[in-house]
Amino acid sequence: MGAFIASPMNHAVTTTYLKSAIDLSSIDRTVDPKQDFYQFVNGNWLKTAKIPEDQALSGAFAELSMKSSHQLFTIFNELAKKQHPQGSNEQKVADLYASYMDSKRLEHIGLAGLQQDLQRIENIRTKKDLAEFFAYAEKIDLNLPFSTDFHQDRKASSRALMFVGQGELGMPDRDFYLSEQPRHQELRNTYLLYVANTLNFAGQPKPIEDARTILALEKALAKISWSATELRHDEVKAYIFAPKNVITFMPSFDWMSYFSELGLKGIGKEVAISQVDYLRQLDELWKVIPIETWQTYLKFNLINSYSPYLTEVFQKHYFDFYDTALNGIQTRSPRDESALELTNGILGNVLGKLYVEKYFDETQRPAMLEMVENLRKAFHLKLDQASWMGADTKREVRHKLDSINVKVGYPKTWRDYSALDIRKDDLIGNIQRTRMLNFQRELDKVGQAIDPETWYMLPQSANAYYNAQLNEIVLPAAIWHPPFYYDTSHDPAVNYGAIGAVIAHEISHGFDDKGSHFDAKGKGGEKWNEHDRKKFNERTKALVEQYKQYEALPGYKVNAELNTSENIADNLGLGVAHMAYRLSLKSQPAPVIDGFSGDQRFYMGWAQVWRSKSNPEYLLNSLNLALHAPEPVRGNAAVRNQQSFYEAFEIKEGDKMYLPPEKRISIW
């Protein structure tokens with residue numbers, strides 16, 4: 001039909017050797033792109049796509065993740081056909097997978113793998129005992145009222161620090177305990193039953209009474225907890241002390257016993273405190289809550305943490321609450337898929353090394369790096385347009401931009417698993433030993449220099465990230481596949497609109513409302529003058545107000561405050577990616593492909609990677625928890641701030657996609 005398609009720009013030519021990268025079958029030609037661009041690009045896909053019954057959503061990212069999982073299955077099946085030396089990484093993969101698949105053994109042993117820890121909780125008599133068990137619980141990754149994490153020092157990014165701050169709750173967020181919305185009230189009742197049944201299945205003598213005790217305790221913790229939006233601002237992570245001085249913020253807690261049991265020893269060890277006021281209020285609770293209540297709380301958290309790996313009754317019960325009630329997922333994944341997911345989570349570097357050998361095309365690396373450098377050049381050009389920014393700030397920004405390290409595909413070195421004991425007949429032990437080894441691995445880094453080659457994402461992950469404190473972008477192998485990236489025989493317009501915009505998005509995080517507070521070496525602190533920071537904040541505030549108008553579901557606005565950094569990165573990144581696409585043409589006209597001009601295909605490439613369908617439950621949760629806006633909003637919102645989008649599709653006043661020029665937000 002094509003009636004709603006703007007004519008190709010007059011500089012375009014019609015002959016090309018390039019392959020198409022637009023999913024033509026997804027286009028809904030009954031929709032005018034001037035009225036709803038996202039629906040135009042993805043409408044037919046949205047009409048026919050089904051959310052898998054064992055998933056909360058479907059879409060480009062989900063499809064790519066599923067493809068990666070299928071590729072991992074192929075790798076695993078090839079591994080299974082061979083004999084491997086005992087203790088080798090390959091044998092550990094096979095044994096870990098087998099320990100999960102042996103459901104008969106799991107049914108036979110029941111809670112035997114947890115009995116020692118349950119008895120240890122039962123034996124707690126004093127607050128000192130409790131502090132020591134909290135340390136042990138941190139090592140095996142249980143939910144606690146405060147957490148101990150490991151990050152780079154904000155003030156000296158070359159070293160690692162231990163951070164103590166707000167802990168985790170049994171439900172995803174404080175609002176699930178405090179909100180009077182009908183859905184949250186219903187989920188509280190469901191959660192109460194879930195806790196009671198979990199304790200009952202475990203043979204605890206007072207499951208209903210204990211469940212009420214646990215919910216009351218978690219509600220008290222929720223009342224003093226920071227919201228997800230408040231937690232997004234990490235400037236508070238600047239309180240660094242010797243461990244003995246942490247007592248200032250929570251004096252009733254036996255910190256010395258806690259740190260000793262954790263293993264935080266040696267000269268020069270320091271601790272950073274996050275959410276100081278949370279710890280002060282937690283101290284008031286610690287004074288009055290009896291040891292017996294904490295014992296009940298710990299028993300549940302222990303059982304709950306391992307429920308996905310216990311008997312069928314625990315696994316199904318856990319799924320019914322955390323997957324069905326919270327996220328609308330109706331069917332459990334096949335057991336072999338869950339086994340592979342667990343194996344990938346624990347031994348991901350083993351599978352990742354095999355994954356890149358089989359599925360990462362090294363011949364494409366030069367083209368990938370060329371795209372990154374084009375994007376870097378485009379950032380400099382975009383910065384030239386930021387008339388509000390002074391020369392000193394621009395100099396700082398350019399230095400940081402040129403200093404960004406780019407990691408593509410996979411790490412230079414792979415994790416050493418020689419210290420990890422994996423046994424074919426001990427699933428709970430395998431998980432527990434993994435958790436303790438991971439904790440010790442991070443603890444050993446405290447006070448030490450950061451390894452700049454560390455990756456915080458597996459190469460088989462269909463994702464990407466920016467690390468402000470290493471000033472780097474990391475682009476794993478799995479993201480370099482359609483519909484994000486097509487090889488060099490395909491149209492570059494779609495590549496720049498898809499993976500190009502993703503890369504530019506990640507680089508933009510170095511200059512968003514959080515990343516802009518770090519310098520080229522990752523050291524935190526204000527780097528801009530007062531005038532430029534004020535002008536930047538004005539633009540950021542305007543973008544927040546703009547996004548507040550979008551709905552995730554009818555009657556539910558997006559959480560624009562929580563999404564601020566991501567929305568900045570979408571808008572700045574998309575504009576830069578388009579400039580980089582123009583640079584890639586080297587002053588040559590873009591061909592017409594599939595009846596679309598180069599600029600049209602660029603923006604269609606952007607919109608098609610955001611095609612997505614989500615369960616309503618999952619989408620509602622994301623409003624409280626997700627740092628990103630919902631995908632349909634991302635597909636439509638950022639293009640409305642790009643002048644070249646208006647030109648490509650001849651958007652005029654009166655069209656729904658139209659924003660008056662004075663309402664369009666340009667970060668740079």
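The values are calculated or read from the model by the stated rules, or taken from the named source; none is laboratory data. The structure displayed is predicted, hence computed values, not measured ones. Please note: Cβ atoms are built from the backbone with ideal geometry, for glycine as well, and neighbour counts cover all protein chains shown. Each accessible area value is taken on the protein alone, full model and side chains, heavy atoms only, with ligands, DNA and RNA left out. Shrake-Rupley method; radii C 1.70, N 1.55, O 1.52, S 1.80 Å.
Residue-by-condition table, conditions (1) hydroxyl-bearing (Ser, Thr, Tyr); (2) part of a loop (DSSP other than H, G, I, E, B):
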position	(1), (2)
Met368	no, no
Val372	no, no
Leu375	no, no
His380	no, no
Val397	no, no
Ala419	no, yes
Arg423	no, yes
Thr454	yes, yes
request  = Examine segment 52-67 for a residue that is more than 30 Å from Thr311 (Cβ to Cβ), among the acidic types (Asp, Glu) and open to solvent by 60 Å² or more (accessible area, probe 1.4 Å), and state whether such a residue exists.
outcome  = yes
inquiry  = For a quick check of your reading of the model, give me the residue pairs whose first member lies in segment 145-168 and is over 30 Å from Leu298 (Cα atoms), whose second is aliphatic (A, V, I, L, M) and in a strand (DSSP E or B), with beta-carbon atoms closer than 8 Å and at least 6 apart or on different chains.
reply    = Asp153/Ala160; Asp153/Leu161; Asp153/Ile240; Asp153/Ala272; Arg154/Ala272; Lys155/Ile240; Ser158/Ala449; Arg159/Ala449
key: Unique match (being at pLDDT below 95, among the aliphatic types (A, V, I, L, M), on the phi < 0 side of the Ramachandran plot and open to solvent by 10 Å² or more (accessible area, probe 1.4 Å)) among Ala196, Ala238, Ala220   = Ala238
message = Among the numbered criteria (1) closer than 27 Å to Arg634 by Cβ; (2) at pLDDT 95 or above, which one does Leu96 miss?
response = (1)
request  = Looking at (1) in contact with a helix residue (DSSP H, G or I) (Cβ under 7 Å, 6 or more places away or on another chain); (2) open to solvent by less than 20 Å² (accessible area, probe 1.4 Å); (3) at pLDDT below 95, find the lone condition where Phe518 falls short.
outcome  = (1)
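Okay, residues lined up against (1) touching a His at 6+ places or on another chain (Cβ under 9 Å); (2) open to solvent by less than 10 Å² (accessible area, probe 1.4 Å); (3) part of a loop (DSSP other than H, G, I, E, B):
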site: Asp570; (1), (2), (3): yes, yes, no
site: Gly573; (1), (2), (3): yes, yes, no
site: Ala577; (1), (2), (3): yes, yes, no
site: Lys586; (1), (2), (3): no, no, yes
site: Arg601; (1), (2), (3): no, yes, no
site: Pro632; (1), (2), (3): no, no, no
site: Gly635; (1), (2), (3): no, yes, no
site: Ala638; (1), (2), (3): no, yes, no
For Phe146: the one exception among (1) out of contact with any Gly (no Cβ under 6 Å at 6 or more places or on another chain); (2) open to solvent by less than 20 Å² (accessible area, probe 1.4 Å) = (1)
task = State which residue pairs qualify: first residue more than 13 Å from Met171 (Cα to Cα) and inside segment 183-197, second residue of a type in the set (Gly, Ala, Ser) and part of a helix (DSSP H, G or I) in any location, beta carbons under 6 Å apart, and separation of 6 or more residues or different chains.
result = Ala196/Ala211
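Please verify whether segment 494-512 includes one or more residues that are surrounded by fewer than 21 Cβ atoms within 10 Å (Cβ to Cβ) and not in a helix (DSSP H, G or I).
From segment 494-512, those surrounded by fewer than 21 Cβ atoms within 10 Å (Cβ to Cβ) are none; that's our starting set.
Looking for residues that are surrounded by fewer than 21 Cβ atoms within 10 Å (Cβ to Cβ) and not in a helix (DSSP H, G or I), one finds none in segment 494-512, hence no.
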